[in-house]
Amino acid sequence: MTFDKILEKYDSKLRSFAFKLVGQSVDDVMQEVRLSMWKSKDRINWDAPMGVLYTIVKRRAADHWRVRDNWAKTGLTGQPIGADASEDMFECIVYEEAKDNELDPKLQQALETLNPQIKHCVIGVVVEGYTHQQMADRLGVKLGTVLSRVCRGRKLLKKELERNG
């Protein structure tokens, strides 16, 4: 069975279940569910998959609420931080949380070499666990912008960490 057929068969049931767990945020959660399904497609027993698929939905919903609770703690529930907002304000919010995660000193040093816009996206997505779409919404930029910044940031971090090993 192709992955498209699998999605066609199970997507509506999983979406309904996800809606009961997260309400209007169902699209974001379902995107993460589909990604998890894709990554696990070779390990799932497709003869009786519903238990595993419901578990994936529950875990992605828990991730959603965890991130949402984190936003409430850091004050990120307000208006999106647009391009005209102070970068220092965003940096302060993100770095306070990053400090709590106690990053490896070499990684912190490598992060300091990044352009601030790239650094904010990498920290938000990779360190804090926000989805790319959530970061785009918070920064007031397009999703593609965040995707490219994170990709570029990861490549630059890898180079920097290999160089300073």
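Report the full-extension gain for the segment K155 to S40: residue separation times 0.36 nm, less the Cα-Cα distance, to one decimal in nm. Walk me through the numbers on the way to the answer.
Numbers: separation 115, 0.36 × 115 = 41.40 nm, distance 2.53 nm.
Extra length available between K155 and S40 comes to 38.9 nm.
Using the Cα atoms of region 121-163 to build a convex hull, what is its mean projected area in square nanometres? Don't skip to the end; give the middle numbers.
Numbers: hull surface 10.5 nm².
Hull-based average projected area comes out at 2.6 nm².
If each residue of separation counts as 0.36 nm, what is the full-extension length gain between K9 and T113 once their alpha-carbon separation is subtracted?
Details: separation 104, 0.36 × 104 = 37.44 nm, distance 4.69 nm.
Contour length minus Cα-Cα distance gives 32.7 nm.
Show me, for region 107-116, the HN-Hα J-couplings you get by feeding each phi into the Karplus relation (A = 6.51, B = -1.76, C = 1.60, θ = phi - 60°), rounded to Hz, glycine and proline as x.
5, 4, 5, 5, 4, 5, 7, 7, 4, x
Quick one: T55, T113, T2, fewest Cβ neighbours within 10 Å first, how do they rank?
Going from sparsest to densest Cβ surroundings: T2, T55, T113.
In nm², what is the average projected area of the convex hull enclosing the Cα atoms of region 3-71? Kindly include the intermediate steps, with their values, before the conclusion.
On the way: hull surface 17.8 nm².
Quarter of the Cα hull surface area: 4.5 nm².
At a Förster distance of 22 Å, what's the computed FRET efficiency of R66 paired with F19, Cβ-Cβ distance as r, to 0.05?
On the way: r = 19 Å, r/R0 = 0.84.
Given R0 = 22 Å and the Cβ-Cβ separation, E is 0.75.
What does the net charge come to around K155 if you take all other residues with beta carbon closer than 13 Å to its beta carbon, with K and R at +1 and D and E at -1?
Details: positive: R149, R152, R154, K158, K159, R163; negative: E160, E162.
Cβ neighbours under 13 Å give a net charge of +4.
List S148, S36, S12 from most exposed to least, where exposure is judged by having the fewest other Cβ atoms within 10 Å. Present the calculation step by step, with values, prior to reporting the outcome.
On the way: S148 13, S36 18, S12 10.
With the fewest neighbours first, S148, S36, S12 line up as S12, S148, S36.
Laboratory data are not the source of any read-out in this text; all were calculated from the coordinates shown. Computed from a prediction, not measured in an experiment: that's the story for all the values here. All Cβ positions, glycine included, derive from the backbone under ideal geometry; neighbour counts span all protein chains shown.
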